[in-house]
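Undergrad: Below is one structure. I have some questions about it.
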Amino acid sequence: MDGDGRMTVGEPELVGRARAGDGAAFRTLTEPYRRELQVHCYRMLGSLHDAEDAVQETLLSAWRGLPGYDGRAAIRTWLYRIATNRCLDALRSTRRRRAREWDVPGVEPPEPTGRIEVRWLEPYPDALLDATVPGPEARVEQTEAVSLAFVTALQLLPPRQLAALVLRDVLGFPARDTADILDTTVESVKSALKRARAALRRRRPADGPPHAGSPVENAVVARFVHAYESADVDTLVGLLTDDAFLSMPPLPLAYAGRDAVVRFCATMFGAGRHLDLVPTRANGQPAFGVYLRAPTGVRRGTGLFVLTLAGDRISALTRFDHTVLPAFALPPSLPPTRP
């Protein structure tokens, strides 16, 4: 079926074959939607690993549920219904990621200004982002819809509000389809959406980021790499907005304001640590694998930085631990630098 619920050529036959146990036919039906379902689950759960699990559970449930598929909803809509409800179940689960303690040997962090509200956030590799065309009722730009700030804000919404906002404003599902997916009424969807939009407006940054790969973004990225690799605090100060924010999920520590962020970075620089940054991209934003030089010269991966830009400044720094590096095809270590 297409986005309007009409059968596409060959789809009725594939559905029939899949119902009869043909796994290849089932994969042909569902594979076109796998990537976009993973991004959808990531937006809802804030975790790449949780999203991968949710998609696997979705496809398994769809395979088992084919006898009950009546064909009234498009295959895509049917899969989104299963995936959304799997995510809602996960959000209600108590098995969510817990905070971790500071674990950098020989370094005592400065006093944080606060504690982060969302600790189970993970970055999403740009290489895995899909090119889904949202429906005509979508309100959120696709670049914003995968940004760390947006995904973080989603995690602070009640689950039903989160689902309603993603389905309506990000994916552009009509209100009736959204109500069917959530097994509720159109009026309930509208009510949840109104509250979710109001909460999100309060968290949206005033200035948007420059375009990916633009001269502005490239200039900021180059200055940041220089500042961080050479421990140049003065350059770092000039790059940050007044309200810059640094967080390190799942560590609960947060540093709000330029002075607090610089104080944290200066502490890390002052510990005699020499770092190299390897560029990548996450959530549509500039990102870097962070590698610490050991006395032997080997550079060990310690984490991943993601930059949030506001105009020609950095408004947020988000640091993730080394466990996320494989998702970005970044090695656990780099060879020694040449003398």
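The values are calculated or read from the model by the stated rules, or taken from the named source; none is laboratory data. Remember, it's a predicted structure, so these values are computed and weren't measured experimentally. Virtual Cβ from ideal backbone geometry, glycine too; neighbours counted across all protein chains shown.
Undergrad: Which condition number in (1) within 24 Å of GLN155 (Cβ to Cβ); (2) in contact with a Gly (Cβ under 8 Å, 6 or more places away or on another chain); (3) at pLDDT below 95 is the one that PRO249 fails?
TA: (2)
Undergrad: Which residue pairs have Cβ atoms closer than 9 Å, lie 6 or more positions apart in sequence or on different chains, and pair a first residue in the range 254-267 that is touching a residue at least 60 places away in the same chain (Cβ under 8 Å) and assigned by TED's automatic domain parsing to the domain that holds ARG313 with a second residue that is basic (Lys, Arg) and part of a helix (DSSP H, G or I)?
TA: So the pair list comes out as TYR255/ARG263.
Undergrad: When you go through ASP126, ASP183, ASP89 one by one, which is the residue that is outside the structural domain of ALA271 (by TED's automatic domain parsing) and touching a strand residue (DSSP E or B) at 6+ places or on another chain (Cβ under 7 Å)?
TA: Exactly one of ASP126, ASP183, ASP89 is outside the structural domain of ALA271 (by TED's automatic domain parsing) and touching a strand residue (DSSP E or B) at 6+ places or on another chain (Cβ under 7 Å), namely ASP126.
Undergrad: Here is a list: PRO286, PRO210. Which entry is part of a strand (DSSP E or B), of a type outside the set (A, V, I, L, M) and out of contact with any Lys or Arg (no Cβ under 9 Å at 6 or more places or on another chain)? Full working, then the answer.
TA: Values: PRO210 fails: part of a strand (DSSP E or B).
After ruling out the rest, the residue left standing is PRO286.
Undergrad: I've got another one for you. Got a number for residues in the range 26-82 being outside any helix (DSSP H, G or I) and out of contact with any Ser or Thr (no Cβ under 8 Å at 6 or more places or on another chain)? Spell out how you get there, then give the answer.
TA: Just the residues of the range 26-82 that are outside any helix (DSSP H, G or I), to begin with: 46-47, 69-74.
Narrowing the set further to residues that are out of contact with any Ser or Thr (no Cβ under 8 Å at 6 or more places or on another chain) leaves 47, 69-74.
Number satisfying all stated conditions: 7.
Undergrad: How many residues does the range 213-240 contain that are of a type in the set (Gly, Ala, Ser), part of a helix (DSSP H, G or I) and surrounded by fewer than 18 Cβ atoms within 10 Å (Cβ to Cβ)?
TA: 3
Undergrad: Is there any pair linking a residue in the range 229-240 that is more than 16 Å from VAL290 (Cα to Cα) to one that is outside any helix (DSSP H, G or I) and at pLDDT 95 or above, with Cβ under 7 Å and at least six apart or on different chains, and which?
TA: LEU239/ARG313; LEU239/ILE314; LEU240/ARG313; LEU240/ILE314
Undergrad: Would you say VAL146 is among the hydrophobic types (A, V, I, L, M, F, W, C), within 30 Å of THR185 (Cβ to Cβ), surrounded by 19 or more Cβ atoms within 10 Å (Cβ to Cβ) and out of contact with any Lys or Arg (no Cβ under 6 Å at 6 or more places or on another chain)?
TA: yes
Undergrad: Can you tell me which residue within the range 57-71, out of those that are among the charged types (D, E, K, R) and loosely packed, with under 12 Cβ neighbours inside 10 Å, is nearest to the chain's Cα centre (by Cα)? Before the answer, list the steps.
TA: First pass over the range 57-71, keeping only residues among the charged types (D, E, K, R): 57, 64, 70.
With loosely packed, with under 12 Cβ neighbours inside 10 Å added as a condition, the list becomes 64, 70.
Details: ARG64: 29, ASP70: 33 Å.
That would be ARG64.
Undergrad: Turning to a different aspect of this structure: Only residues that are in contact with a Ser or Thr (Cβ under 7 Å, 6 or more places away or on another chain) and under 14 Å from ALA199 (Cα atoms): list them for the range 164-182, please.
TA: Selection gives ALA164 alone.
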